[in-house]
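J.: I am attaching a structure below and will ask some questions about it afterwards.
The values are calculated or read from the model by the stated rules, or taken from the named source; none is laboratory data. Predicted model only: the values in this text are computed from it and were never measured. Using ideal geometry, Cβ is built from the backbone for each residue, glycine included, and neighbour counts are taken over all protein chains shown. The area values use the complete protein model at the heavy-atom level, side chains included, leaving out ligands, DNA and RNA. Shrake-Rupley method; radii C 1.70, N 1.55, O 1.52, S 1.80 Å.
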Amino acid sequence: MTRTKRSIANFSSLLLFQGTTIAVGLFSTPLLLQWLGDERFGAFRAASDLAGYLWLFDMGVGGALCALLVQAIQRSDPSEIGTVLGIGIRAYLKILVWMVLAGGALGVLVSQLVSVEGTIAIELQLGFWLNLSSLLLIPLAVFQIFIDAEQRGYFKNIALLIQSLIMTGLMLGFARLNLGIPGQFLAIVMGNFCFSLLLTWRSLQRYPNLITLILHPAKEHAASIQSRLWQLNVPGLILHLATRIGLLSDTLFVSFFLGPAAVVPFTMTQRLAMMAQTQLDGIAVSTWAALADLKAQGDDRTFNARLVDLTRVLMVMGLSIVIPILAYNAHFITLWVGAERFGGWIVTVVVACNVMLRSVIHLWKWCFLGTGLTEALVKLSIADLSVNLGVSLIATHHFGIVGPLIGTLASCLGLYSWWMPRLLKQSFGTQPMQLYAAIVRPLLVGIPYCAIVVWISLHHVPMGWMGLAIEMLIAAVLHLVVSWYLVFSADDRALWQQRLIGLLPKRKIKQLIR
């Protein structure tokens, strides 16, 4: 399978996963809110994010392993692959000990950190302790990294789909049985076990002798890989800490300052936008291995051309997804969980801007992560964390639930907008003006188009779910059509037509020619 076909397969499977998740979420969330109540639901979400802090003890090992596995796969050396995986598992076993200790401490303090009392506090603490059993799966995380490094994310996306269906079904069942917050955490644990076992099975199926290679690493590789792992993990650790803390702090700030019930409108209003974020991030996840391969071959010219091209495509696709969400989010929330759970237009606008900015940043970051140049992002990541947390803390205290989103926006505009292009030029020779042009041109088309769609949504109420879906789909498709002619040049359109035709089987191509 070619790089392009793998990227398309990865992204298509991600769209399938996201589409199914959206449909399941539309059905399940109102029921969970009804059976759990806003306070229990909000406390559960905040505690789930708190548990995510345990991954700070990853120590950057995941990113380092990914870079080492990409290099081993490019050399097609099974013994080196097995050695990297074996060293990774041993590293994660050490990390597991620290995660268990930290998890125990958080389990004692969870009710105070989430700011709940009484019965809900007891449920929350019990559920959090139950959730810690998922830590037993930590060593198996190497197989997920392995599948990503092989650019076979399509299998991981299918596994995520299965996990999501199992988890959602169990969460609904346990909520209906009045098992409260412990039931929700139990559903997560069972879903995580299914996901990890599927990825482990797939990896062992592709490499039947992988267990032998892991247990008996090649001596000629072990010492050098061990050394490189801990050299790469230091910058990876800093980047990992900055990303994790920045993402996981939002609901905790809202819960601490405004109470767990405020987490509900905060998360509900972002739901569609966050699904869009995952879809757009999937472009980077689906293409980073191909870009890393071009860099490994020394083809810097093609690498930079592809990066600029992908930035432009990401902007067009992102606007096509985000514009309907921005315009129709209030209608969506009203139909889904009730108008009282809509966080407001300011939250909607800021989160839409964040989605577009973060998707581009995510693509650019993978240029460094996929080529083992993580250390170039260290200073930027530290500055990002400082600005994001500082602004979020102050803004949440003064402006309410929009505060954490303002912190993210300040970091994206104040730091990443100029610092990341400079780093790309230093490391890869990418011209910043080409990147800015790839962003600005879609915006010049998208902003006026967005204003028209928003005006229509403000003066017109869609007719139920079907009307809402049709209007959002029309808005997205029309933007794609307009951008196809106004954003892409004739040469760009011809190139993309060739790429799309190249994805068809040869027999179908002959039929089209005839």
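J.: Filter the stretch 306-356 down to residues that are under 22 Å from the mean Cα position of the chain (by Cα) and of a type in the set (Lys, Arg) and give me whichever is modelled with the lowest pLDDT.
T.: Looking at residues that are under 22 Å from the mean Cα position of the chain (by Cα) and of a type in the set (Lys, Arg), I get Arg306.
J.: I'm trying to understand the selection: among the residues of the stretch 368-389, which are assigned to a helix (DSSP H, G or I), open to solvent by 30 Å² or more (accessible area, probe 1.4 Å) and not aliphatic (A, V, I, L, M)?
T.: The answer is Glu375, Lys379, Ser386.
J.: Something else about it: Examine the stretch 341-353 for a residue that is within 18 Å of Ala242 (Cβ to Cβ) and open to solvent by less than 40 Å² (accessible area, probe 1.4 Å), and state whether such a residue exists.
T.: The answer is no, given that none of the residues of the stretch 341-353 is within 18 Å of Ala242 (Cβ to Cβ) and open to solvent by less than 40 Å² (accessible area, probe 1.4 Å).
J.: Further question: Run down Ile120, Ile87, Ile95 and say which single residue is touching a Leu at 6+ places or on another chain (Cβ under 8 Å) and either among the small types (Gly, Ala, Ser) or part of a helix (DSSP H, G or I) (or both).
T.: Of Ile120, Ile87, Ile95, the one residue that is touching a Leu at 6+ places or on another chain (Cβ under 8 Å) and either among the small types (Gly, Ala, Ser) or part of a helix (DSSP H, G or I) (or both) is Ile87.
J.: Which condition from (1) in contact (Cβ under 8 Å) with a residue 12 or more places away in the chain; (2) closer than 27 Å to Thr396 by Cα; (3) open to solvent by less than 20 Å² (accessible area, probe 1.4 Å) is the one that Leu307 breaks?
T.: (2)
J.: Also: How many residues are surrounded by fewer than 22 Cβ atoms within 10 Å (Cβ to Cβ) and assigned to a helix (DSSP H, G or I) when one looks only at the stretch 73-84? Break it down into steps so the answer makes sense when it comes.
T.: Of the stretch 73-84, the ones surrounded by fewer than 22 Cβ atoms within 10 Å (Cβ to Cβ) are 73-79.
Next, from what is left, pick out any that are assigned to a helix (DSSP H, G or I): 73-74, 78-79.
The number of residues fulfilling the criteria is 4.
J.: Let me ask something additional. For the condition farther than 30 Å from Gln34 by Cβ, modelled with pLDDT of 75 or more, in a helix (DSSP H, G or I) and open to solvent by 50 Å² or more (accessible area, probe 1.4 Å), what is the one hit in Trp129, Trp201? Before you say what the answer is, go through the steps one by one.
T.: Numbers: Trp129 fails: farther than 30 Å from Gln34 by Cβ.
When all the criteria are applied, what remains is Trp201.
J.: I would also like to ask the following. Taking the condition touching a Lys or Arg at 6+ places or on another chain (Cβ under 9 Å), surrounded by fewer than 21 Cβ atoms within 10 Å (Cβ to Cβ) and not β-branched (Val, Ile, Thr), does Asp299 pass? Please lay out each step first, then the result.
T.: Working: touching a Lys or Arg at 6+ places or on another chain (Cβ under 9 Å): no; surrounded by fewer than 21 Cβ atoms within 10 Å (Cβ to Cβ): yes; not β-branched (Val, Ile, Thr): yes.
Criteria not met by Asp299.
J.: Cβ contacts < 7 Å: first residue hydroxyl-bearing (Ser, Thr, Tyr), restricted to the stretch 198-209; second residue modelled with pLDDT under 80, any location; separation 6+ or different chain. Result?
T.: Pairs found: Ser203/Leu210; Tyr207/Pro78.
J.: Could I ask something else about it? Taking the stretch 414-436, which residues are in contact (Cβ under 8 Å) with a residue 40 or more places away in the chain and either surrounded by fewer than 14 Cβ atoms within 10 Å (Cβ to Cβ) or not in a helix (DSSP H, G or I) (or both)?
T.: Within the stretch 414-436, Gln426, Gly429, Thr430, Gln431 qualify.
J.: Still on this structure: Look through the stretch 447-474, keep the residues that are in a helix (DSSP H, G or I) and touching a Phe, Trp or Tyr at 6+ places or on another chain (Cβ under 8 Å), and return whichever of them is surrounded by the most Cβ atoms within 10 Å (Cβ to Cβ). Show your work before the answer.
T.: Of the stretch 447-474, the ones in a helix (DSSP H, G or I) are 447-458, 464-474.
Pick out the ones that are also touching a Phe, Trp or Tyr at 6+ places or on another chain (Cβ under 8 Å) and you get 457, 468, 471-472.
Values: Ser457: 21, Leu468: 20, Glu471: 20, Met472: 23.
That would be Met472.
J.: What are the pairs, 6+ residues apart or on separate chains, where a residue within the stretch 368-389 that is at pLDDT below 90 has its Cβ under 6 Å from a residue that is of a type in the set (Lys, Arg) and open to solvent by 10 Å² or more (accessible area, probe 1.4 Å)?
T.: That search, which allows pairs on different chains as well, returns Thr371/Lys295.
J.: For the structure I just gave you, tell me whether Ala149 is crowded, with 19+ Cβ neighbours inside 10 Å, aliphatic (A, V, I, L, M) and under 19 Å from Gly282 (Cα atoms).
T.: Working: crowded, with 19+ Cβ neighbours inside 10 Å: yes; aliphatic (A, V, I, L, M): yes; under 19 Å from Gly282 (Cα atoms): yes.
The answer is yes for Ala149.
J.: In the stretch 109-124, how many residues are open to solvent by 50 Å² or more (accessible area, probe 1.4 Å), in contact (Cβ under 8 Å) with a residue 24 or more places away in the chain and within 14 Å of Tyr53 (Cα to Cα)?
T.: The total comes to 1.
J.: Still on this structure, I have one more. Could you give me the residue pairs with C-beta distances under 6 Å whose first residue belongs to the stretch 90-108 and is over 20 Å from Leu126 (Cα atoms), whose second residue is open to solvent by 40 Å² or more (accessible area, probe 1.4 Å) wherever it lies, and which are 6+ apart or on separate chains?
T.: Ile95/Phe57; Trp98/Phe57
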